[in-house]
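Read through the structure below, which is laid out as structure tokens, and then see the notes.
A short reminder: the numbers here are calculations on the coordinates, not readings from a lab. It should be emphasised that the depicted structure is a prediction, and the values quoted were computed from it without experimental measurement. Virtual Cβ from ideal backbone geometry, glycine too; neighbours counted across all protein chains shown.
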Amino acid sequence: MGSGSLIRTLIVDDSAFVRKVVREILSRSPFIEVVGMARDGEEALAQVEELNPDVVTCDLQMPRMGGVEFVRRQMEKRPVPILVLTASPEDGEQVLQALEAGAVDMVKKPSALANDELLAIRDELVGKVKAAARAPVEKLKATKAEGKLPPVLAKAAARVDVVLIGVSTGGPQALRHLLPQFPADFPVPIAIVLHMPVGYTALFAEKLNDICKVPVKEAQDGDLLQNGHVTVAQAGRHLVLRRSAAGNVLAQLVNHPMDKPHRPSVDVLFQSAAEVFRSRVLGVVMTGMGDDGKQGAAWVKAQGGTILTESEESCVIYGMPRAVVEAGLSDGSYPLNLMAENIAKRL
């Protein structure tokens, strides 16, 4: 990072107002220095070359060159951690394209200077700039959906009745790599919590569905968990698993607990699955900042279940898996390219 270890940040947005708000937010952090501003992607490419920032925050809709094209071009020239600022879920298509092209993460764009929403965004933006600055740039290259199958999955009685995946920063890229490796006859249901702003998970699930052999959809309240189907938690609500009177396992979308920093929370999904499936849970904690999943992993382990973690070498942010490993809760750590195979081995 830059001199005196301040995080040198470039702000890219065609709106002078947004540049001003983002600058004010970032300048309040003692760890961040705003070194420049650009009004579009073309200007941004020149500024990155000249100023060599540690992190770039980038709007999507801009004249001359938009955010997606800027991310693509910058990643080809020299990878740098880029945070995409998004105004609304209507940008969803472009957000996902920017993440595929190598952007680290997304943040909701501030829409005013002084309101409650801004306080929440301020903390998130500063936190994500700090996390992005630590992201290993060589891992930020564009993600290609993987298509190769893991070794033949065990058809014997499964030791596992459900696979759970918890992931945050770097998650969209990681899931695009992992899920296409599972065959259409995957023997158990898969449930996923990915930290994403409200309004983006349905489109993301749709995009995954296009590249996977297993069907992928966003969770709806009351959905039946089915073998070989992937359920992605809906942003803004916890995903919990409950067994019905008829013995089926259903997805429930709930607002409580309210005290979790994330909704949906990996902890909440893992705990509910441990209560339903006992020892027959395989939980996987992958790239992301913070420690969501550590408490959930403890619940799974207490019931005799298994926890795998993504190893540091392939994580964009080695936060969530590290918390699980350091708590002594991981039964095995694997890089992303070996994860499908190691999940398969345990079924």
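Kindly state, as a whole number, the per residue volume in cubic angstrom of the convex hull around the alpha carbon atoms of the range 197-296. All intermediate terms of the calculation are to be shown ahead of the outcome.
On the way: hull volume 11.4 nm³, N = 100.
Dividing the Cα hull volume of the range 197-296 by its residues yields 114 Å³.
Quick one: compute the contact order of the chain, relative version, from alpha carbon pairs under 8 angstrom and 6+ residues apart, as a percent.
The normalised contact order for the chain reaches 13 percent.
Amide H to amide H, which residues 5 or more places from Ser265 or on other chains are under 5 Å from it, using H placed in the peptide plane?
Leu239
Counting other Cβ atoms within 10 Å, keep those with at most 13, restrict to DSSP loop, and tell me which trypsin sites (Lys or Arg not before Pro) in the range 1-91 are left. Could you put the intermediate results ahead of the total?
Numbers: sites: Arg8, Arg19, Lys20, Arg23, Arg28, Arg39, Arg64, Arg72, Arg73, Lys77; in loops: Arg28, Arg39, Arg64.
Passing both the DSSP loop test and the Cβ count: Arg28, Arg64.
If you plug each phi of the range 275-284 into the Karplus form 6.51 cos²θ - 1.76 cosθ + 1.60 with θ = phi - 60°, what whole-Hz ³J(HN,Hα) values come out, in order, with x for Gly and Pro?
My calculation for the range 275-284 gives 5, 7, 9, 6, 7, 9, 10, 10, x, 10 Hz in order.
With a 10 Å cut-off between alpha carbons and a GNM built on the chain, which of Pro261, Pro172, Pro110 moves the most?
Residue with maximal mean-square fluctuation among Pro261, Pro172, Pro110: Pro261.
Restricting to the range 162-345, what percent of DSSP beta bridges are antiparallel, rounded to 5? The partial results should precede the final answer.
Details: 7 of 30 bridges.
Close to 25 percent.
How long are the semi-axes of the ellipsoid equivalent to the range 3-139, from square roots of 5 times the Cα gyration tensor eigenvalues, in whole Å, largest first? Could you put the intermediate results ahead of the total?
Working: eigenvalues 77, 63, 39 Å².
Semi-axes, largest first: 20, 18, 14 Å.
For Phe277, Phe70, which order do you get if you count the other beta carbons within 10 Å of each Cβ and list the fewest first? Mind showing how you got there, number by number?
Details: Phe277 22, Phe70 30.
Ranking Phe277, Phe70 by Cβ neighbours within 10 Å, fewest first, gives Phe277, Phe70.
Less than 15 Å Cβ to Cβ from Glu326, Lys/Arg counted +1 and Asp/Glu -1: what total charge do the surrounding residues give?
On the way: positive: Lys294, Lys301, Arg322; negative: Asp291, Asp292, Glu310, Glu312, Asp331.
Taking every other residue near Glu326 into account, the sum is -2.
For the range 162-345, take N as its residue count and report Rg(C-alpha) divided by 2.2 N^0.38 Å.
Numbers: Rg = 14.5 Å, N = 184, 2.2 N^0.38 = 16.0 Å.
Taking the Cα Rg and dividing by 2.2 N^0.38 Å, one obtains 0.91.
How big is the equivalent ellipsoid of the chain along its three axes, where each semi-axis is √(5λ) from the Cα gyration tensor, reported in whole Å from largest to smallest?
Details: eigenvalues 254, 80, 68 Å².
Semi-axis lengths for the chain are 36, 20, 18 Å.
Could you tell me what a quarter of the Cα convex hull surface of the range 239-347 works out to, in nm² with one decimal place? Walk me through the intermediate numbers first.
Details: hull surface 28.1 nm².
The orientation-averaged projected area of the Cα hull of the range 239-347 comes to 7.0 nm².
In whole Hz, with x marking every Gly and Pro, tabulate ³J(HN,Hα) for the range 55-61 from phi via Karplus 6.51 cos²θ - 1.76 cosθ + 1.60, θ = phi - 60°.
Coupling constants for the range 55-61: 9, 10, 9, 9, 6, 9, 8 Hz.
Residues with beta-carbon under 11 Å from that of Val230, excluding Val230: net charge, scoring Lys, Arg +1 and Asp, Glu -1? If you can, show how the numbers build up before the last one.
Working: positive: Lys213, Lys217; negative: Glu218.
Result for the neighbourhood of Val230: +1.
Going by how many other beta carbons lie within 10 Å of each one, how would you line up Arg78, Arg237, Arg278, fewest first? Mind dumping the intermediate values first?
Working: Arg78 10, Arg237 18, Arg278 13.
Ascending Cβ contact count within 10 Å gives the list Arg78, Arg278, Arg237.
List the residues, sorted by chain then number, that are 5 or more residues from Lys108 or on another chain and whose placed amide H is less than 5 Å from its amide H.
Answer set, sorted by chain and number: Thr86.
Let me have the relative contact order for the range 3-139, percent, based on Cα pairs under 8 Å that are six or more residues apart.
Dividing the mean separation by the residue count of the range 3-139 yields 23 percent.
If each DSSP helix of 4+ residues adds -39,500 (n - 2.57) and the sum is divided by the residues in the chain, what number results at 222 nm, nearest 500 deg cm²/dmol?
Dividing the helical sum by the residues of the chain leaves -10500 deg cm²/dmol.
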